[in-house]
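This report concerns only the one structure given below.
The values are calculated or read from the model by the stated rules, or taken from the named source; none is laboratory data. Remember, predicted model here, so these are calculated numbers, not experimental data. Reconstructed Cβ throughout: ideal geometry from the backbone, glycine too, with neighbour counts over all protein chains shown. Accessible surface is based on the protein model in full, side chains and every heavy atom, while ligands, DNA and RNA are left aside. Shrake-Rupley method; radii C 1.70, N 1.55, O 1.52, S 1.80 Å.
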Amino acid sequence: MSAWMQKQQARSTRAAAVASAVAEDAAELASEQRISMYTEAPSGEVCIEDFERYAIDRLRVLKGIEEAKTKGFKGDQLQELVVKLAEKHLRGATQQETRWKDAVSHFVLRLAYCKTEDLRRWFLQHECELFKSRFRNELPASQVDFMRRHSFDYEALAGEEYQVLKPDLVKVQESVGNSAFANEIKQATSRDAFFKVPFEQVPDLVATRRVLLKAGWAYVSRHEVASLVVSRFRAGLSHALVLTARRWATIIADEEADRLTPLISTLSERYLGPDYGDERKGPSEAVMAAQIPYLAKESFPLCMQSMYHRLHTDAHLKHNGRLQLGLFLKGIGLPLEEAMKFWRAEFGPKCMGEAFDKKYAYGVRYNYAKEGKRTDYTPYSCMKIIQTPVPRGEAFGCPYKTASPQELTEQLRAMRLPPRVVEEAVSKARGHHYQLACTAVFQGQHNCICESGISHPNQYYDESRKELTAAQGATATVTLGGAEHKTPVVKSSASAQALTAGPTPMTT
Amino acid sequence: MAEEQEAKRPRLDDEKEDMDAEGSAPGTSGLSTGAPAQRPKKSVQDLMRPYYGSKFPYDEFCAWLAYGHDSKLPQADAMFFQRRELCFTLDGDIFVRYQSFKDKEELQRAMANKVPAKIDIGPIYNVDPQRRKAYTGLAADRVFAPVERELVFDIDLTDYDDVRTCGKEAHICSACWPLMAVAVQVIDACLREDFGFKHILWVFSGRRGIHCWVCDERARKMTDEQRSAVASYLSVYRGSEGGAAKLALSQVSAANHPSVERALRLLYAAWTESILPQQRLLADEPAWKAVLAIIKDEEVCERLHGRWQRAHGRLTSGDISSERWAELSTEIDKVLDSKSADRARKQQLLRARKEVLFAFAYPRLDVEVSKKMNHLLKAPFCIHPKTGKVCVPMDPGSIWSFDPEAVVTVHGLLDEERGSPKAAAAEQAMAEALQTFHGCFLDELAASSRQSIIAKARSAAQAGLAW
């Protein structure tokens, strides 16, 4: 093991210099079809655009994995999804190109994610998931071949020991529901069905009692070899990341100060937008995290829109804002788990994983009466929002009150309201009629009359949805009047997809 | 449910226990024949100084934590002991973390000086924890981090409050000790047979819990992930949700992992012999309702419930809970034997009967303690500040005869008249505790630590420096 580590160390120091050429084990690559231990950095030239593009494509895969896991994907379902994600984002025109892209993107992200403990942990976790899914997706023969090539020379369980352990091995297989395999063991003395390894190497199998343990040995069935391979993959990558960090700090960052350093240092902060895949169709009354970007644009009142905008650009929002926006989102029907997903994604670039859990998850749960006093707080009304004093630089509060006329004008123009409406709203706001200003915007935005006036952000939202649904029902008869955001609801989910998956959020 | 039981049952509660400490010394209660001491008892804190001065077993304590590195072996790492964090809790709940000591003498001086109310043992760090400040804010490879730590487990009787009928919270008595005894048996068997650990120290925590220290080198070197895995492997009982126990048993099959089956065998013996009768688990309505809630099968539950309600208050010759458990088993067997009952129902009942044992008696680990290297745990031979009891080592082989109420106390050791039978008994008990420490743990550990150091030097010489 330690010899392997030393080799790994030597390799990853080289690996750090992605752009420079390193001799490559061509024979290995030829048989290395779809999966790699990434022990060798790829050699050759990469143009700077590809360098970045590949990295971002891989980042999409890793973020997709994170997303899927927060949604509770597990086991085969997760594996399938991960393989699909990789297929979608990492596939090249030829097999060779695919391998090339896979290797380059992996090593670029290694550089980008080696700097802090948090980044390393995040990268390690999701790379391992990717590796594991790909490995498990291979045919057994290919898996064995892979293990042989990477000298996983474990002792196969055989002879007397096998006979003695057989009843227990059968029991373990039965207890995890592999009755077919259990019968196979019972009937035949199938050779090479189990590897005998120290239990430390398969913590995941130990944790779930999927493996027989005797005196410190774990008897791993050939169906579970993935966790053995992953365990070594993890150890190697974890070690390599630390070495890369050291090397980056001492040498490369300076050498590449003009070329790669700026690119690398921003990569890990890249926000790819909440790419929530195809999980867009929930029950009609519940709102999904993935819908928020387009709902914000279509139906949020200005206060919520600007807070959302601030959150999205800063990847942060202060306490009061989190409370105000969080309760509003609860009010529009965003369930707790979706809320968690939303906030996690929004805070993602700055604060992820455990740090997020420690600092902010409590607050999200608090809003849903799961923490603290466990009071079911209701979303704030306009009155409450207007009356709350807003310190400078904070994003909460009523923008018709807090924003200067210039700022307000700009914000309203960004909503693509007709100039007449903008003018009206700004002048009402100037006259301290904040709710009337808001009502004017609502009417301008939806091209309708709002008789009751706006007194609650959630009312604004509900009225807006009602208007838009009605418009959808009568697409043929209602004149759209140039208000392009008045897209029927059904179509808008498609446009939201474009919004989140398109190139725009990438560059923010 | 818990409150109902509490109100209806006779129980020994906290006050009783506190009175114990002030009344006749529990450490010698077996021998005391009459007159309680006349003069006022000294407080535990008052006795701490003389305890650390003359009674605390520094030799054994340090021999353990040095793992052979205190020897004259040329390969011994003289800094090893000093890299260990000890945490002192001073009077008034002041935690003084990151204490470290060069050797026994230095530790002895510090303890005599500071008289900590409690000592916790932390991990071994890569550098002397007192010098940790020099390592903050440095590059990734030079951080201050734990590198070694015993694998520890903590089981506390308060976690059994929803199934204990004899008392709650700090309460401990002979009726609830079986829960701890079977916990020791189950966990000890797993650690030895499944994981192959040999150097396992079991300690009474001084009031109502037990600690386990797995000290094999392999255990000490485990990563946090591996620790979590072992803890999860050992956790069949995963807390309760809405009053029902969450059990990590096989969901897909009646067969369980061999390790779980072994646990069940141990639980079953403890259940029928001690836990069921002593905890009176089927003696009255709230209790049997809790059991029947796990059985679930409507027909069986209704029949038994009705029968037991009618028999309420009737006297029996034997133990009522055991009799009723037998009735319950008979009812289940009847269904299992009947031809009309469908397979799913039989499966469910078969499983439910096992689940009762796991829900009521399976060791309830505080897994957070085990998961992380840098979690602190109270050191053996400390004095519990409330009870004055010494945290004595226990022999897992004779755990059933361990009496938590007869554990030696600091009062017995230091507040009795010299030469009195009570003082002599306390001395004797302390000597026995040390014997247990040596016999069950330290002697073998010392031999194996020594061998490991020699072996390491040899392999290092052969292979160059290990990373």
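Listed values, structure above:
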read-out	value
Area projected by the alpha carbon convex hull of region B:33-137, averaged over all directions, nm²	9.8 nm²
Accessible area buried at the A-B interface, both sides summed, 1.4 Å probe (Å², nearest 100)	2400 Å²
Region B:399-467-region B:172-215 distance, computed between alpha-carbon centres (Å)	16 Å
Rounded to whole Å, sorted largest first: equivalent-ellipsoid semi-axes of region B:373-435, Cα gyration tensor	23, 16, 10
Efficiency of FRET between B:Ala326 and A:Ser179 - r from beta-carbon atoms, R0 35 angstrom, step 0.05	0.55
Projected area, mean over directions - region A:147-229, Cα convex hull, nm²	5.1 nm²
Dipole magnitude of chain B, debye to nearest 20 (Cβ charges: Lys/Arg +1, Asp/Glu -1, about Cα centre)	940 debye
Region A:39-102 versus region A:309-339: alpha-carbon centroid distance in Å	30 Å
Kirkwood-based shape ratio for region B:65-218, expressed as Rg/Rh from alpha carbons	1.03
Those aspartates and glutamates that a straight Cα-Cα span of less than 19 Å connects to A:Lys171, excepting residues fewer than 8 apart in one chain	A:Glu160, A:Glu161, A:Glu184, A:Asp192, A:Asp204, A:Glu224, B:Glu193, B:Asp194, B:Glu261, B:Glu355
³J(HN,Hα), Karplus 6.51/-1.76/1.60, whole Hz, each residue of region A:147-155, x for Gly, Pro	5, 5, 4, 9, 6, 8, 9, 9, 6
Whole-number D in µm²/s for region A:278-472 (Stokes-Einstein; Kirkwood sum over Cα pairs; 25 °C, 0.890 mPa s)	142 µm²/s
Projected area, mean over directions - chain B, Cα convex hull, nm²	27.1 nm²
Fraction of the pair-distance distribution of region A:85-195 above 20 Å, Cα-Cα pairs, percent	62 percent
Restraint check, A:Lys350/A:Lys466; A:Lys63/A:Lys297; B:Lys118/B:Lys246; A:Lys88/B:Lys246; B:Lys42/B:Lys102; A:Lys341/B:Lys354, Cα-Cα greater than 28 Å	A:Lys350/A:Lys466; B:Lys118/B:Lys246; A:Lys88/B:Lys246; B:Lys42/B:Lys102; A:Lys341/B:Lys354
Where trypsin sites (Lys or Arg not before Pro) fall in DSSP loop in region A:378-470, at most 16 other Cβ within 10 Å	A:Arg392, A:Arg416
Value of relative contact order over region A:147-229, rounded to a whole percent, pairs C-alpha under 8 Å and six or more apart	31 percent
Proximal aspartates and glutamates to A:Lys186, defined as alpha-carbon separation beneath 13 angstrom and excluding residues fewer than eight positions away on the same chain	A:Asp168, A:Glu174
Karplus (6.51, -1.76, 1.60) ³J(HN,Hα), θ = phi - 60°, over region B:380-390, in Hz, Gly and Pro reported as x	x, 6, 5, 9, 6, x, 8, 9, x, 7, 7
